[in-house]
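Note sheet for the following structure.
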Amino acid sequence: MTQPWTKRWMLKIMFFLGVIGPGIITALANNDAGGISTYSIVGAHFGTQMLWVLFGVTISLAMTQEMGMRIGLVTRMGLGGVIREYFGVRWVAFAMFTMLITNLGTIASEFSGIAASFEIFGISKYIVVPLAALIVWFILYKGSFKVTQKIFLAFSALLAVYIINGFVIKPDFGAAIRDLVTPHIQWTPSFLVAMIALIGTTITPWGQFFIQSYVVDKGLDVSHYKSERAEAYLGSFLASFVAFFIILSTAFTLYKHGIDIHDAKDAALALRPLVGNFAQFLFAFGLFCASMLGAFILPVATAYVICEAFGWEYGFNTTWKNGKFFYSLILLSIIVPSLVVLIPGISLIQVMLHAQNVNGMLLPVILIFVMKIINDKSIMGEYTNKPVGNIIAWLTIIGIISATLVLIVTSLLGIS
Amino acid sequence: MALCDPLTLLFLSQFINVPIVDSADIVVGKLIDFVARPEQDNYPHIVGIVYHDYSTKTQKTMAYESIENLGGDEITLKTVVQKVRPLEIQPHDFWLKRDILDKQIVDLEGTRVVRANDIRFGLIENELHVLGIDISTRGIIRRLGLDKFRFFSFLKPAFIEWDKVQVVGKALKLTQVSEKLVKLHPADLANVLENLNPRQSGQLIQSFDALTISKVFQELKPEHKRDIFKTFEPKQLETILSHLPADEVVDYLRLIAKNDRQKILSSLSENKKKTVEEFLHYADNTAGGIMTTEFLKVDSHWTVQQTLEHIREVSHVHRSIFFVYVVNEKGHLLGVVSLRTLITSVPHDPIEKVMKRIKLHQTVRPDASLQEVATLMTRYNLMSLAVLDYNHKLLGAVMVDDLLHHLIPQA
């Protein structure tokens, strides 16, 4: 009996997606609505000046992802669970609150991404966002989370067109590489906001929770350490590789012609050299899939982590009565961000950028927990950090904190 | 020994970091933890405390008898600190904060995995015991110091009594696995294991006997089957596999790499190995893939009496027995007898006389699809469907519960 070719083809894709691991998935999921918009803005407003930040962030991302993965392999618990068991209720409440805020922001940016992708075709967000929220809830509640996740993951790989585009526009690679290793900085709020957002969209609080839960759910342990480490590094490189080309694409089109990004239409212009008038459609589709992916994963991931930490029952097989916190958290993290996006006159692009900014500012909180855990011999045994990892992680933490402080000071002084 | 007010509820969290004052009014240190000792058929007895000693800046223990009054503001001692006796810690003693507070525990009554938000004490015959565990959100509120806000009073406290708690993790090594846990329905037990984190579920299942493990194993979801089996040593694995019915061994083998299969196959008994190898040929989504050999078949010449005796002898190895298949000397399926028929028939009647004949169209071939199996079972109202080979020899039977597992895998 032969199966129809479509089914065989789907099976092959499923199989491929089934074997790729946490590192690569996190990398693909990293380029979500916030990622695409932040990288586009960074390139369009500041050209290649900020590439050095991306370079540094890639190294920190590789380090922090590897650490999260390692904690997962050794403790075989989610990050929330580890904080609860070793730091107690107060600290876990603090960490969960921080994560909830950043995740709500990120979900808002995903819904903004969905709204923005339809706005390109003139469809109002007042129709799109409630509909998307309903679909997300319906699929989570009734449908197959895993299959849906894989479908959107596959489609969001479309963003690889930026890599091809990056060659078509014939950028000045020499200048780009120079900027990759030469730090530039402007002491203005707009530069600092974009810089913190760039860090915050690449290394995310939820990404730390996600990779750790992922290795735990897959049933992996320290015997998989070497292969998982390689994958975490590869994933981080891939994530930044796409980001690099998004920045190049906007830097050598929009920045060159002095076009600022006010909405998704502007950002889509960067793809014109490759696909011409098709650019808007392609950008919209890629943005939509990437945003939907995040809009699916984040509410559930948030609810799982918080419920695990506080000992509430979770999972879609619990009843409403037993799982009231679980369902409430999911509904909260779908409804509140949707309402934010529906505020009349709010700039979708700004929501996406500033959510990443909040992510970046609060990231040190989560990273400090990670650092405390990974250097604790009673938790990690022989798998504690090497000095190099500590130095890079602390530099990242200090870098973000000082950038945040400078941002606050410059904003107060009214420098623009 | 006295307590500030015997009517108030006592919680572990109230005493953490409380200063300890000796009889000379000198602040000795602060409380870190309580040490509890398990007791047969009783709540664990609090035998001592762990405290941080200010003068030496070290962690010390103290026998509980040294304490005069346990208060939320200060803990007073009966003597001066120099006369205080350190606690002699015994192998099964556990520390409440270190080993239980904030950790996952199993609620045996609700058969679910929850967290120990607080630990409740109480006096039994004038001695302090661990009464139970607070798993409520109110417990979290109390520990966050938000208890004074009336707003949270809508959250009701919820305790699990100590004898309905199964601790996991480090504390598991110190205490025994509760008999109540092992007696749970295997499906509930599987659910508990799936909800614990992988390390703890591994430790917990390690503490079961092989029979319990094999029962639970059959109820686990495929991905958990694989993960949990990773926690066993090769020798243990052999024992467990010998307890599993052939179709479950096949399910397991399908989950692991082809190279590892041979090793496991060679560890099986000759008979089982043959069956398992045969089963491996059938695709997962066919009658052959999900059928079991775990059923009773008897020779058509047997009497009702003989059959009943046979059931008594072998019943302990079967999950359930509702019917007996009747075969002739060539192994061809003739019919089926229900337990009810067996019990109500004349003991010395031949089984062939009381059985219900099975027609060929009420059976399937091993390569039949699950759809086909379900259709036949629905049409003829069958709890099980016989699987025959091309010579009409009885190979196995598809049970309705196994079929449901495949049709509704997420349940």
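None of the figures in this text is laboratory data; all of them are computed from the coordinates on show. The model shown is predicted, which means the values in this text are computed figures rather than measured ones. Cβ placement follows ideal geometry from the backbone for every residue including glycine, while neighbour counts extend to all protein chains displayed.
Report the antiparallel proportion of the DSSP beta bridges in the protein assembly as shown as a percent, rounded to a multiple of 5. Write down the numbers at each step before the final one.
Working: 59 of 68 bridges.
Roughly 85 percent of the DSSP beta bridges within the protein assembly as shown come out antiparallel.
Averaged over all directions, how much area does the convex hull of the C-alpha atoms of segment B:289-407 cover when projected, in nm²? One quarter of the hull surface, i.e. the mean projection, equals 7.1 nm². Our note on the geometry: Cα centres of segment B:227-273 and segment A:374-416, 48 Å apart.
Peptide B:195-204 is shielded by partner chain Cβ atoms: per residue, an average of 4 of them sit within 10 Å of its Cβ.
Starting with the fewest neighbours, write out A:Tyr126, A:Tyr39, A:Tyr86 ranked by other beta-carbon atoms found within 10 Å of each beta-carbon. It would help to have the intermediate numbers written out before the result.
Details: A:Tyr126 12, A:Tyr39 30, A:Tyr86 18.
Arranged by neighbour count, lowest to highest, A:Tyr126, A:Tyr39, A:Tyr86 become A:Tyr126, A:Tyr86, A:Tyr39.
Rounded to the nearest 500, what is chain A's calculated 222 nm mean residue ellipticity when only DSSP H runs of at least 4 contribute -39500 (n - 2.57) each, over all residues? Don't skip to the answer; put the middle values down first.
On the way: 19 runs with 321 residues, N = 416.
Calculated mean residue ellipticity at 222 nm is -26000 deg cm²/dmol.
At a temperature of 25 °C and a viscosity of 0.890 mPa s, determine how fast segment B:208-282 diffuses translationally according to Stokes-Einstein, using the Kirkwood radius over alpha-carbon pairs as Rh; express D in µm²/s, rounded to the nearest whole number. So the translational diffusion coefficient is about 199 µm²/s.
Rank the residues B:Ser153, B:Ser201 as a footprinting-exposure proxy: fewest other Cβ atoms within 10 Å of their Cβ go first.
B:Ser153, B:Ser201
Entry for segment B:2-161 at q = 0.09, 0.14, 0.18 Å⁻¹: log10 I(q)/I(0) = -0.31, -0.73, -1.17, Debye formula applied to identical alpha-carbon scatterers, no solvent contribution. The mean number of Cβ atoms from other chains found within 10 Å of a Cβ in peptide B:134-142 is 2, as a whole number. Note on chain A: Cα-only Rg and Dmax are 20.6, 74 Å.
Quickly rank A:196-204, B:25-33, A:354-362 as a protection proxy: mean count of other C-beta atoms within 10 Å, highest first.
Numbers: A:196-204: 27.7, B:25-33: 17.1, A:354-362: 24.9.
Final packing ranking: A:196-204, A:354-362, B:25-33.
The per residue volume of the convex hull around the alpha-carbon atoms of segment A:247-387 is 198 Å³.
More than 46 Å apart: what percent of Cα pairs in the protein assembly as shown qualify? Could you put the intermediate results ahead of the total?
Working: 130982 of 341551 pairs.
So the portion of pairs separated by more than 46 Å is 38 percent.
Note on A:83-90: average number of Cβ atoms from other chains within 10 Å of each residue's Cβ is 5. Reported to the nearest whole Å, the Cα centre-to-centre distance from segment B:39-111 to segment A:284-360 is 43.
Once you sort the root eigenvalues of the Cα gyration tensor of segment A:189-319 as a ≥ b ≥ c, which label holds: rounded (a/c under 1.5), prolate (a/b larger than b/c) or oblate (the other case)? Verdict is prolate for segment A:189-319.
Could you please report the charge total around A:Ala303, scoring K, R as +1 and D, E as -1 over all other residues with beta-carbon less than 13 angstrom from its beta-carbon?
Values: positive: A:Lys324; negative: A:Glu308, A:Glu313.
With Lys, Arg at +1 and Asp, Glu at -1, the neighbours total -1.
Computed 3J(HN,Hα) for segment A:207-214, one whole-Hz value per residue from the Karplus formula 6.51 cos²θ - 1.76 cosθ + 1.60 where θ = phi - 60°, is x, 5, 5, 5, 5, 5, 4, 4, glycine and proline marked x.
Within straight-line reach of A:Lys256, meaning a Cα separation under 13 Å, sit the following aspartates and glutamates at least 8 residues removed in sequence or on another chain: A:Asp172. Largest first and in whole Å, the equivalent-ellipsoid semi-axes of segment B:94-185 read 24, 16, 13, each the square root of five times a Cα gyration tensor eigenvalue.
Taking every Cα-Cα distance in chain B and sorting them into 20 Å bins starting at zero, the pair-distance distribution P(r) comes out as 22, 39, 25, 14, 1 percent. Bridges between two residues of chain B, per DSSP, are antiparallel at a rate of about 85%.
Here A:Val340, B:Val276 are placed in order of increasing Cβ neighbour count within 10 Å, fewest first, which gives A:Val340, B:Val276.
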